[in-house]
Amino acid sequence: MLPKPPFDCDLTHERELEEFQRLKPKLASVWGMLTANEDQPSTSVVVPSLTLDAEELTKLAGASYCEERLLFLLIRLRNPRAHVVYVTSQPVHPLTLDYYLHLLAGVPASHARARLTMLCAYDGSSRPLTQKILERPRLLQRIRYAIHDREHSYLTVFNSTPLERRLSVLLGIPLNGLDPALSEYGTKSGSRRVFREAGVDLPAGFEDLKTRDDVAHALAELKARRPDIRRAVVKLNDSFSGEGNALVSYPHGTDLGELRRAVDLAQMPVPGESPDRYFDKLDRMGGVVEEFIEADEKTSPSAQFRTSPMGQVQEISTHDEILGGESGQIYLGCRFPAGGEYRDRIREAGRRVGEVLARHGVVSRYGVDFLAWRNAGESDWRITALEINLRVLGTTHPFLALRFLTGGELDTGSGHLLSLSGRRKSYRATDNLRSKCYQGILPDDLFDIVSMNGLHFSHRTESGVLFHMIGAVSEYGKLGVTVIGNDVDEVERLYARVISVLDAECALGQTPSGQTAQI
C-alpha cells in the first residue's frame, strides 16, 4: 500500500506557497549532507527535468536524454548511508547504471545499487519531466514511498519553476534550487541589473525590450553611444545555450526605418528559426539588446558557484566554453579550467555577483558567462560579463564527473582541481558528439566498443573517458563525453582518439555513402 499524499489533489496555489515557505528553512539543515562528504543518512531525490520554454527546447535534439546527465550525482552513493531516488521520462538502460556504479571507488556496486531507486514516467514526449510526474499521482506516490526520512531529504532539479515548487510541496521535502519567485535574477534583463549592482563590467545595451520597435530604438541609442559599432546582439530573456541570440548588422544609415529593416534581416540563432517566430517569443518573454564586441581574439570563459541558505558564496569551477553554430554563439562544450590569464578575474567577478544574489535571497547553483577579448598587439585580456544562469549548467555535470572519478576537490587558491593523489586535473567535455553513423549503435554496442578499445577511466592514472547521454546514441547519433587528463595536451590527444575510435567502429555496417547498409 502506497502512503497517503500530504494534500488532496486540489492543493490551492495559496497553500502551495505557504508550504513551500515552510519547507525552505529545512534546506539549511541538510546543507552539510549536500555539500560535504559526511557519512550521515540522507535521501537525494533527483528530478532532472528541463523545465524550459517548450519552443526553445525543441531546438535541442534528444532533449529527454539530457535527463541522464545528472547520473553523475550517483557520487552521493559513496556515502554508505545515503540513498538516491532518480526519476526519468524513459527507462535508463541497465548497462548504463552498471557503468556508473562500478566507477564508485571503495563502494561495492551491489551495495550502491541497493540504495538507488530508479523510477520512470514511461513518457517520451517533449513536455517537462516534472509535469509528467505531477500528472501521474501513483508515480508521485512511489517517489514519496522511496524517501526514507523526510527530515534528511531534499529535491534536486535541473532548473526551478512553479512546477518544481509544487513537486517539492507534494513530496514534503525542500527544493535544492532557486525559489521560482526569484527567477528574474537569472534572465538576460535581470543579469544586467545584477552586474550593475555588483560593479561588474557589462556590454553597453538595454534590457526589458518586448517588440521590434523596442529593438530598433535600442539600436539607435546604442549607435549614438558607440558610433563605431558594426553589430549588435538581441537576446531572449529565457533562452539557453546561446540559442536565443540573434545578430543584427547595422545599416549605413541610422534612421529608424533602416534600423527596423535591419532587425527584420537579423541572423537567427539556429537554422529554421524565422524572424516572426523569434520576435513573437521576444514579445512573450522579453529580452535585451547589447553591443557585439568585435576583437581580433575572443574567448568565452565562465565561472560556476553556488549560494547557500546561510548566504555564503561557494566557488565550484571555471571553464572556457566551446561555441559554434552559424552565429558562433551556440554552446557545444567546455574545457576545464579556464585560461590562467583571466581565471582569477572571472572568479572574483563571479563571487561579487554571488554576493548580490545572496543579498536578494537566491539559493542556487549559478554560472556567470563572460567574454574575454584583446586585439593584435595587446597582451592583456579585457573581461565583460554577459549573463547569469540560475540552474544546473552545461558545465555542471562534467565537473561532477571529475569529482565522481577522482574524488578530488577544488584548490581555491589556484582554481585547479586536485585529485586524491594531488595531481592537477584538466578535461574537455561535450553533450554534442554527433555523427550520422552513430545512429543505430545500441548502448550494448557502445559498451563493447569502450571495453575493446580501452576507452575507460583508470583510477591508477586518474585519467580517461566517461560517456553520458548514452540513451540518445541509437536514435539521434548523439553522445556526451568527458575526457580527463593531467594537462591540456593529454586531454586533446585522448579526445581525438575517442572520436577516431567511434568513427572507425561505428562505420561498420555502413555503405561508402554513409547510409545504413541493408543487412
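The values are calculated or read from the model by the stated rules, or taken from the named source; none is laboratory data. Bear in mind that the values here come from a model prediction, so they are computed numbers and not experimental data. Here the Cβ is made from the backbone with ideal geometry for all residues, glycine too, and neighbour counts use every protein chain on show. Ligands, DNA and RNA are stripped out before the accessible areas are found, and what is left, the full protein with its side chains, is counted by its heavy atoms. Shrake-Rupley method; radii C 1.70, N 1.55, O 1.52, S 1.80 Å.
Hey, does region 192-205 have a residue that's open to solvent by 20 Å² or more (accessible area, probe 1.4 Å), free of Cβ contacts under 8 Å to residues at least 12 places away in the same chain, not polar (S, T, N, Q) and not in a helix (DSSP H, G or I)?
no
Taking the options Arg165, Arg150, Arg192, name whichever one is farther than 30 Å from Trp373 by Cα and at pLDDT 95 or above. Show your work before the answer.
On the way: Arg150 fails: at pLDDT 95 or above; Arg192 fails: farther than 30 Å from Trp373 by Cα.
After applying the criteria, what remains is Arg165.
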For this session: Considering only residues that are touching a residue at least 40 places away in the same chain (Cβ under 8 Å) and among the polar types (S, T, N, Q), look in region 239-262 and name the one that is surrounded by the most Cβ atoms within 10 Å (Cβ to Cβ).
Result: Asn245
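Of all residues in region 286-325, how many are in contact with a helix residue (DSSP H, G or I) (Cβ under 9 Å, 6 or more places away or on another chain) and touching a residue at least 60 places away in the same chain (Cβ under 8 Å)? Lay out the reasoning, then the answer.
Our first condition is that a residue be in contact with a helix residue (DSSP H, G or I) (Cβ under 9 Å, 6 or more places away or on another chain); within region 286-325, this holds for 286-291, 301-319.
With the extra rule that they be touching a residue at least 60 places away in the same chain (Cβ under 8 Å), the set shrinks to 286-291, 301-306, 308-310, 314-319.
Total satisfying the criteria: 21.
Scanning region 141-155 for residues that are open to solvent by 20 Å² or more (accessible area, probe 1.4 Å), touching a Leu at 6+ places or on another chain (Cβ under 7 Å) and of a type outside the set (Lys, Arg), which turns out nearest to Leu73 (Cα to Cα)?
Across region 141-155, the extreme among qualifying residues is Tyr145.
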Exercise. For Val92, are the conditions met, namely being buried (at least 20 other Cβ atoms within 10 Å of the Cβ) and outside any helix (DSSP H, G or I)?
Worked result: no
Exercise. Could you say whether any residue in region 131-154 is in a helix (DSSP H, G or I), within 30 Å of Glu273 (Cα to Cα), touching a residue at least 40 places away in the same chain (Cβ under 8 Å) and out of contact with any Pro (no Cβ under 9 Å at 6 or more places or on another chain)?
Worked result: yes
Exercise. What number goes with the only condition from (1) surrounded by fewer than 16 Cβ atoms within 10 Å (Cβ to Cβ); (2) touching a residue at least 60 places away in the same chain (Cβ under 8 Å) that His102 does not pass?
Worked result: (2)
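Can you name the residue in region 35-49 that is open to solvent by 10 Å² or more (accessible area, probe 1.4 Å) and not small (Gly, Ala, Ser) and, of all such residues, is modelled with the lowest pLDDT? Walk me through how you get there before you give the answer.
Let us first name the residues in region 35-49 that are open to solvent by 10 Å² or more (accessible area, probe 1.4 Å), namely 35-42.
From what is left, the residues that are not small (Gly, Ala, Ser) are 35, 37-41.
Details: Thr35: 67, Asn37: 55, Glu38: 59, Asp39: 74, Gln40: 81, Pro41: 86.
Out of the qualifying residues, it is Asn37.
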Exercise. For residues in region 228-245 being in contact with a Lys or Arg (Cβ under 8 Å, 6 or more places away or on another chain) and not in a loop (DSSP other than H, G, I, E, B), which is nearest to Tyr331 (Cα to Cα)?
Worked result: Asn245
Exercise. Within the bounds of region 227-238, is there any residue that is under 22 Å from Val362 (Cα atoms) and surrounded by fewer than 22 Cβ atoms within 10 Å (Cβ to Cβ)?
Worked result: yes
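From the set of residues in region 50-78 that are at pLDDT below 75 and in contact with a strand residue (DSSP E or B) (Cβ under 7 Å, 6 or more places away or on another chain), which is least open to solvent (accessible area, probe 1.4 Å)? Let's see the steps before the verdict.
Initially, region 50-78 is screened for residues at pLDDT below 75, giving 53-62.
Then keep just the ones that are in contact with a strand residue (DSSP E or B) (Cβ under 7 Å, 6 or more places away or on another chain); that gives 61-62.
Working: Ala61: 27, Gly62: 4 Å².
Per the stated criteria, the residue is Gly62.
Name the one entry in Ser160, Ser191 that is under 17 Å from Lys24 (Cβ atoms), under 19 Å from the mean Cα position of the chain (by Cα) and among the polar types (S, T, N, Q).
Details: Ser191 fails: under 17 Å from Lys24 (Cβ atoms).
Result of the check over Ser160, Ser191: Ser160.
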Exercise. Inside region 267-358, counting only strands (runs of 3 or more DSSP E) that do not spill past its ends, which hold 2 or more residues that are open to solvent by 10 Å² or more (accessible area, probe 1.4 Å) and not acidic (Asp, Glu)?
Worked result: 297-307, 313-324, 330-336
